[in-house]
Amino acid sequence: MIALLTVSFSVSAQKNEKKVAFKSSVVCFMCKRTIEYDLTFEKGVKSVNVDLEKKLVEVLYNTKKTNPEELKKRLTQIGYSADELVADPKAYENLPGCCKIGDEVPHKNFEELDDHK
Ligand SMILES: [Cu+2]
């Protein structure tokens, strides 16, 4: 049963679509929001999901329009690391304090962030 579920999950990708996951320096809800919002508008990106627990950025993309290297580069330009690539220092500086690595101040008001939708 569990095996079946796993298989159907990976087969759901369509032609020219591929899913990648990068390890990233995401720390909080705000990071998730920033990355998902920004990457969604990247060329060739179908969908983005940031897993805060696993510190992974999962991207479903069109293999004809973009590639993992481009996506990683974009991630660093927003201020986050992507696998072996480090964040752009300037972009990182501009992140909210809560999003900087090592600063683990939890967000208490997730709901407030949703006003920007
Ligand atoms: Cu953050």
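All of the numbers you see were taken from the coordinates with simple rules; none came from a lab. All figures in this text were calculated on a predicted structure; none of them were measured in a lab. Because the Cβ atoms are built from the backbone with ideal geometry, glycine has one as well, and the counts that use them run over all protein chains shown.
What to note about this one:
- Burial ordering of 101, 78, 35, fewest other beta-carbon atoms within 10 Å first: 101, 78, 35
- When each of 53, 70 is scored by the number of other beta-carbon atoms lying within 10 Å, the sequence from fewest to most is 53, 70.
- Amide H contacts of residue 46 (H built 1.01 Å from N, under 5 Å, at least 5 apart or other chain): 60, 61, 62
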